[in-house]
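Structure, as structure tokens:
The values are calculated or read from the model by the stated rules, or taken from the named source; none is laboratory data. Please read all numbers here as calculations on a predicted model, not as lab measurements. Don't worry about glycine lacking a Cβ; one is built from the backbone with ideal geometry, like all the others, and counts go over all protein chains shown. For accessibility, only protein heavy atoms count, side chains too; no ligands or nucleic acids. Shrake-Rupley method; radii C 1.70, N 1.55, O 1.52, S 1.80 Å.
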Amino acid sequence: MRSRQRMFAAVMRLLLKCLRLGRRRRFRLLRQVEQLWHYGHLCLRSLLYNSFTNGDVVLDSLFEPVYWLVDHVTRWFGVVFVALVIGLTSSIVAIVYICLLPLILQTYTPAWICWHLAYGHWNLIMIVFHYYMAITTSPGHPPQARNDLTGVSICRKCIAPKPARTHHCSICNRCVLKMDHHCPWLNNCVGHYNHRYFFSFCLFMTMGCIYCSISGWDMFRDAYAAIERMKLLEKERLQVAANQTYYQTPPPTFTFRQRAFHKSVVYLWVLCSSVALALGALTLWHAALITRGETSIERHINRKERQRLQKKGKVSIAHGMGAGWGRARRDVPLPVLQVFRNPYSYGSWDNWKVFLGVDVPRHWLTRVLLPSPHLPHGTGLSWDLPPCVTEQRAPLLAI
């Protein structure tokens, strides 16, 4: 009996000793894993530490592969997008000439016929001219020689002089004067020399789509009702034909020409309405930027700079305030903060005159309402006061 007890006690001591050793080894392994984790975390932080890193930098780094993919896809598919614009526009013009114009000549009064012929052809000429010029005109690039310009920065990507309002296009892989954006539908950058052509194309294309949508609304309703009637009659015809022999099948109710006419009218109205909504929103956006004397890139830069100066307390949040003195109490004068202003803005009306190149009143006809290949003010390398500006508004705080 005692020998069994001794044997049981020895086994239990051996088991406890094994458990202690296993626990020690397990704790030692966990401690080593924890040390390796802290060491790796410290190495990662030491390699990636940057005092200027914030949430925007992290997001830009995460989306960098997406930006790379978009840049390369846009570069390769630019020709496809241009061909798509030309093809869709040509299809609308063909439908108007083949289907709608004979109907207009037969049913409208002479006054309305003259209006449609004059306005439609004028709008078409403006669209074709400005789209061709926007595609073929170079946006402008700064000179590569470093001695040609003074007081400018150097582009970090192409290692060349970078004048004011110039930015590097990652798709074209070149710096662009007064760059607004790279447009895949033009397969070209929108910059100093073709910005007016781009905006004019968007404006006249939107006007043309709105004109087609409004003029073809009644035709669209009739064509849509006719197509629904075709579907219903086709269904009834098939049901009747199922109960008859092959030789007793009735002929089709509508001819191929009638079907093509109604479907073409529906296609024209749906496409023009969709383009009018999408391109109209883009045109309004660029019109607001032109009114403020900014480009798409400068709007982002000015907004960031305005927020930075507001955090430092150098500019006021309200845009209508000017420099002066306010009083929190009767005996303590407080300065009213300055307003952030864009140095390239000359006022809403003058901004449009500078953008469109209107120097004298007759230019509104010869340069705006008629096709004109005139050059914009300045060379894009320096930004002196244009001659059409009545008075210059000196900025208080600007970039």
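Just one of the numbered conditions (1) under 29 Å from L186 (Cβ atoms); (2) modelled with pLDDT of 70 or more; (3) among the aromatic types (F, W, Y) is not true of F63; which one?
Here F63 clears every test but (2).
Among the listed residues N187, N194, which satisfies the condition of being in contact with a Gly (Cβ under 6 Å, 6 or more places away or on another chain) and closer than 30 Å to G357 by Cα?
Only one candidate qualifies: N187.
Are there any pairs with C-beta distances below 9 angstrom linking a residue in region 357-384 that is under 22 Å from H167 (Cβ atoms) and among the β-branched types (V, I, T) to a residue that is open to solvent by less than 60 Å² (accessible area, probe 1.4 Å) and assigned to a loop (DSSP other than H, G, I, E, B), with the two at least 6 apart or on different chains, and if so which?
Once the first residue is under 22 Å from H167 (Cβ atoms) and among the β-branched types (V, I, T) and sits in region 357-384, its partners that are open to solvent by less than 60 Å² (accessible area, probe 1.4 Å) and assigned to a loop (DSSP other than H, G, I, E, B) give T379/G140; T379/L177; T379/H192.
Which of the residues spanning region 161-174 are under 12 Å from P143 (Cα atoms) and in contact with a strand residue (DSSP E or B) (Cβ under 6 Å, 6 or more places away or on another chain)?
Residues satisfying the conditions are K162, T166.
Report, ordered by the first and then the second residue, all pairs with beta carbons closer than 9 Å, sequence separation of six or more or different chains, a first member in region 182-195 that is of a type in the set (A, V, I, L, M), and a second member that is open to solvent by 10 Å² or more (accessible area, probe 1.4 Å) and in a loop (DSSP other than H, G, I, E, B).
Taking only residues 6 or more apart or on different chains, the pairs are V190/M179.
For (1) assigned to a loop (DSSP other than H, G, I, E, B); (2) of a type in the set (A, V, I, L, M), each residue gets a yes or a no:
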{"position": "I86", "(1), (2)": "no, yes"}
{"position": "L101", "(1), (2)": "no, yes"}
{"position": "I104", "(1), (2)": "no, yes"}
{"position": "W112", "(1), (2)": "no, no"}
{"position": "L117", "(1), (2)": "no, yes"}
{"position": "H121", "(1), (2)": "no, no"}
{"position": "A134", "(1), (2)": "no, yes"}
{"position": "P142", "(1), (2)": "yes, no"}
{"position": "H168", "(1), (2)": "no, no"}
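Of the numbered conditions (1) in a strand (DSSP E or B); (2) open to solvent by 50 Å² or more (accessible area, probe 1.4 Å), L232 fails exactly one; give the number of that condition.
In the conditions (1) in a strand (DSSP E or B); (2) open to solvent by 50 Å² or more (accessible area, probe 1.4 Å), L232 misses (1) alone.
Quick one: T107 ticks every box in (1) open to solvent by less than 80 Å² (accessible area, probe 1.4 Å); (2) among the polar types (S, T, N, Q); (3) modelled with pLDDT under 90 bar one, so which box is it?
Tallying (1) open to solvent by less than 80 Å² (accessible area, probe 1.4 Å); (2) among the polar types (S, T, N, Q); (3) modelled with pLDDT under 90, T107 fails exactly one: (1).
Yes or no: N194 open to solvent by less than 10 Å² (accessible area, probe 1.4 Å), of a type outside the set (V, I, T) and under 22 Å from M126 (Cα atoms)?
So N194 fits the description; yes.
Listed here are the residues, each with its yes/no results for (1) at pLDDT 95 or above; (2) closer than 30 Å to L100 by Cβ; (3) of a type in the set (A, V, I, L, M, F, W, C); (4) open to solvent by 80 Å² or more (accessible area, probe 1.4 Å).
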{"residue": "V265", "(1), (2), (3), (4)": "no, yes, yes, no"}
{"residue": "R292", "(1), (2), (3), (4)": "no, no, no, yes"}
{"residue": "S296", "(1), (2), (3), (4)": "no, no, no, no"}
{"residue": "R308", "(1), (2), (3), (4)": "no, no, no, yes"}
{"residue": "V315", "(1), (2), (3), (4)": "no, no, yes, no"}
{"residue": "A323", "(1), (2), (3), (4)": "no, no, yes, no"}
{"residue": "L337", "(1), (2), (3), (4)": "no, no, yes, no"}
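List pairs: first residue in region 112-130 and modelled with pLDDT under 95, second residue loosely packed, with under 14 Cβ neighbours inside 10 Å anywhere in the structure, Cβ distance under 7 angstrom, at least six positions apart or on different chains.
I113/L105
Can you report the number of residues in region 142-188 which are in contact with a Cys (Cβ under 9 Å, 6 or more places away or on another chain), open to solvent by 40 Å² or more (accessible area, probe 1.4 Å) and either under 22 Å from T283 (Cα atoms) or at pLDDT 90 or above (or both)?
Result for region 142-188: 1.
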